[in-house]
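Inspection log for the structure reproduced underneath, given as structure tokens.
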Amino acid sequence: GGRVVDPDRKPVAGAFVEVAAEELLGGYRYYGAMPIETTDQQGEFLVGDVAPGLSTLLVEAAGFPQARLAGLDLAPGQDLLGVEVQLEPGANLAGRVLANDGAPVSGAEIYPNFGSGSSHNPPFASSDAEGRFRFSGLPVGRLALWASDDENLRRREVDLDLKPGDNSVEIRFK
């Protein structure tokens, strides 16, 4: 067990905590394969039935990038106790999807790509009638943002360098 805290060391309630065997992290997440627990109001968690061997503790909470504590070597029957996971500040991204003529594109699907080997379960958004979309809790740093408008067979990729806090982008289909 342990505790999940935000960058100011305040407890994070409702975070999902999972202990996953290292071999399950080859770029894909298999939900349900390992126990997943939720933190209480004090940010505390207890994960039971953890398999022995090399494992990674994964924490996901709204508004924060996924946290990973890798290389936990658990002996048979060993409990994981006293772990504190401090979440990093995340990046928010607001944007618009536009056609080449500047008209908003409604219903475009936008996907952040965190790169190969990432176990992050990527979110997606759909643009509204004004072409607007929003993400919160993205990892800070470089990422590719993919947009597709399947109705008109258009796709676009934009490379971004996200900073902590608010970021913005305009995606224009050509």
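The values are calculated or read from the model by the stated rules, or taken from the named source; none is laboratory data. Nothing here was measured: the structure is a model prediction, and the numbers come from that model. All Cβ positions, even for glycine, are placed from backbone atoms using ideal geometry, and neighbour counts span all protein chains on display. Just the protein is used for accessible areas: all its heavy atoms, side chains included, with ligands, DNA and RNA removed. Shrake-Rupley method; radii C 1.70, N 1.55, O 1.52, S 1.80 Å.
Okay, here's what the table says:
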{"item": "Residue check, ARG68 within 16 Å of the chain's Cα centre (by Cα) and of a type in the set (D, E, K, R)", "result": "yes"}
{"item": "Yes/no for ASN100 being out of contact with any helix residue (DSSP H, G or I) (no Cβ under 7 Å at 6 or more places or on another chain) and modelled with pLDDT under 85", "result": "no"}
{"item": "In segment 117-139, residue modelled with the lowest pLDDT [restricted to those that are among the hydrophobic types (A, V, I, L, M, F, W, C) and open to solvent by less than 70 Å² (accessible area, probe 1.4 Å)]", "result": "LEU138"}
